[in-house]
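The values are calculated or read from the model by the stated rules, or taken from the named source; none is laboratory data. Everything quoted here is computed from the prediction, not taken from an experiment. Heads up, the Cβs are rebuilt from the backbone with ideal geometry, glycines too, and the neighbour counts pull from every protein chain shown.
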Amino acid sequence: MNKTTYSDGRDAQEEQFEPRRLKYNLGKKPKNKKKKTWLEEAFSTLLYVVIAVIIFLLIRHFLFVPVSVDGESMYPTLHDQDRLILNKIEETERFDLIVFPAPDDPEKQYIKRVIGMPGDEIMVMDETLYVNGEAVAEPYLEESKSELAPGESFTENFTLASVTGMEKVPENSYFVLGDNRTNSKDSRSFGFIDKETVSGTTDIRIWPLKDFGMIKE
């Protein structure tokens, strides 16, 4: 038999070389895995559905929830039957739109704008908002003000004390107003909103489609 000698002096049988794809089993299909039974397939599908539903419910309950506008108290920023996304995790800031149970009817939810934060002194005089003695612009009211007849008032003069009996917004509370100042039931009538009752903030409109996107201030 033919032999070949390696450099280290060892003898070895001369190899009969095979094509690489045969030697290393290249190109061969792996053995078929055991097929799942219809019961296993059904269980697997059901498991995926259950997980998807749980994730959806968690997101809906803890993070984002669709809400609907009822009425014209936030006109023209919001319109009756607009659909919005409620954000349950964002911290509330001044001028945010918040959703909370109606103080005069807990079965309802109100959407209003935060004007006063805890510790603030609030006053409106001659159509100008004053927060802690400083004039603050309200660009979201400009459209409505432009439609007023000469001499007509959009926001009647008031101080925090005159409408709530308190000089400052209490701790853990908000003073809220509707953008439709002439037709809005808000903190001027029902007082402060407890921070703990706020469901969340909203700044995204999903319906109607023509107005889809961020809510303009």
Looking at (1) in contact with an Asp or Glu (Cβ under 9 Å, 6 or more places away or on another chain); (2) of a type outside the set (D, E, K, R); (3) within 15 Å of Arg181 (Cα to Cα), find the lone condition where Ser146 falls short. (1)
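At least 3 residues that are surrounded by 11 or more Cβ atoms within 10 Å (Cβ to Cβ) and touching a Lys or Arg at 6+ places or on another chain (Cβ under 9 Å) in each: list the helices (runs of 4 or more DSSP H) lying fully within region 127-217 that qualify.
Counting at least 3 such residues, we get 160-164.
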In region 142-188, the residues that are over 16 Å from Ser73 (Cα atoms), modelled with pLDDT under 95 and among the polar types (S, T, N, Q): Ser146, Ser153
Please specify each residue of region 160-180 satisfying the condition of being free of Cβ contacts under 8 Å to residues at least 60 places away in the same chain and touching an Asp or Glu at 6+ places or on another chain (Cβ under 8 Å). Leu160, Ala161, Glu167, Lys168, Val169, Asn172, Ser173
Looking only at region 87-99, decide whether some residue is under 29 Å from the mean Cα position of the chain (by Cα), surrounded by fewer than 17 Cβ atoms within 10 Å (Cβ to Cβ) and in a strand (DSSP E or B). no
Please go through region 104-119 and give me each residue that is closer than 18 Å to Asn183 by Cα and either outside any loop (DSSP other than H, G, I, E, B) or in contact with a Gly (Cβ under 7 Å, 6 or more places away or on another chain) (or both), ordered by number. Asp105, Lys108, Gln109, Tyr110, Ile111, Lys112, Arg113, Val114, Ile115
